[in-house]
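The values are calculated or read from the model by the stated rules, or taken from the named source; none is laboratory data. Computed from a predicted structure; not experimentally measured. All Cβ positions, glycine included, derive from the backbone under ideal geometry; neighbour counts span all protein chains shown.
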Amino acid sequence: MALPTLLGPELRPLFHDTFVRSCELYEDYVFRLTLDVFRAIGLAEVFSRPATLDEAVERAGLDPRAARVPLDWILRELAARDVLEAVPSDTGPAFRIRGEVPSLGAAEVRRAQEELDRSALPSYAIAALAAESYPAVLRGETEGELVLFGADHLERWSAYFANENSIYAVSNALGAIACEEVWPREGGAILELGGGLGSGADALLSRFASRDRVGTIASYRFTELSIPFLRRGRRALAERFPSVPFAFARLDMNEPFEGSGVTPSSYALVYGVNTLHAAHDLARTLDEVRRALAPGGHLVLSECVRPFEGRPVYVEFVFNLLRSFREPLLHPSWRPNGGFLTPEQWTGALLANGFRDVRLVPDLAAIRDDCPSFVVAAIVASRA
């Protein structure tokens, strides 16, 4: 079934044929980079005979803390693609190469993307940066945060998070649609968490402006942990939306919000794009969000969502290099692993931590059987 037939009229224009084809190409590009990494860290030799995850880490000389999560993802990804096969083992799940590791050129896919739509290329640049960094990170020679977010890569990330990047911009667009749906007629204050370089706020405010609702924003508190990101986001937003009553502040979502000037019970909307999945203690962060919301206020999270538990999501290829992404505090029912959450896990987390009326836009649970590669949604909830 074609994806547009499963979406409402508000969402269909976001998921046109060129976007869908770009996502398919990007997923294939990441798969081919994964094969390159597999060879580069010596795993083709390791898995020429059966090996478990821990055996592979030891045989390849990798750092267990840095390597276990990314390598587990690689094994599940390549098993799903029939590059690896599961074999019986007394010491846990084991794999070996099925035949030969295919030789596929990632550059060929990038060229196809250039011909189709060059606006998606910033996503390719970030994936390539991650692939280059894998051997050193998994061997414990450096940390993912340093190699991915070094000062010399700021321009790559600026292009990646931009609304001009068609693959990423859909998250901002979904979030803006969901925010407008729950925005009260009388208006109120907005708190944005992890605002990054400002593209999420830009999409939200552009949508509000097109509907003459910017004037209902009493204040917009834009927060971000990274100082370079915060400075650039502040400059871009203040220039583009001079009439919006902004406040800009550094905020660590793993710490009490009041330390960053967030007044309890003050916000009609708390908003975040691809942010809260990286909270170390999701329950603690959700409690801070609930405290910040006014009675009747809403939380909107535009997130990459794992459609099925245990299914690798291609975006994880990049972010598995980050310790904050792969090592959160776990909860057995709604936070069983690092990385992205399923619809059921997001719903469970929110209901267990002071929220109600949880829904996803679009309803990912209703479309994932027909479109198992659909991995974006806005999660909407109200303060209980």
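The sole residue among Gly150, Gly144, Gly194 that is buried (at least 16 other Cβ atoms within 10 Å of the Cβ), within 23 Å of Leu276 (Cα to Cα) and either at pLDDT below 95 or touching a strand residue (DSSP E or B) at 6+ places or on another chain (Cβ under 9 Å) (or both) is Gly194. Within region 224-263, if we keep just the residues that are in a helix (DSSP H, G or I), over 19 Å from Gly297 (Cβ atoms) and free of Cβ contacts under 8 Å to residues at least 24 places away in the same chain, the residue that is nearest to the chain's Cα centre (by Cα) turns out to be Ile227.
Listed here are the residues, each with its yes/no results for (1) part of a loop (DSSP other than H, G, I, E, B); (2) within 22 Å of the chain's Cα centre (by Cα).
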residue	(1), (2)
Leu71	no, yes
Phe95	no, no
Val101	yes, no
Ala112	no, no
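Taking Arg139, is it modelled with pLDDT under 95 and either surrounded by 16 or more Cβ atoms within 10 Å (Cβ to Cβ) or in contact with a Leu (Cβ under 7 Å, 6 or more places away or on another chain) (or both)? Criteria not met by Arg139. Kindly evaluate Ser324 against the criterion of being polar (S, T, N, Q) and in a strand (DSSP E or B). In short, no. Inside region 22-51, residues that are in a helix (DSSP H, G or I) and touching a residue at least 40 places away in the same chain (Cβ under 8 Å) make up a count of 20.
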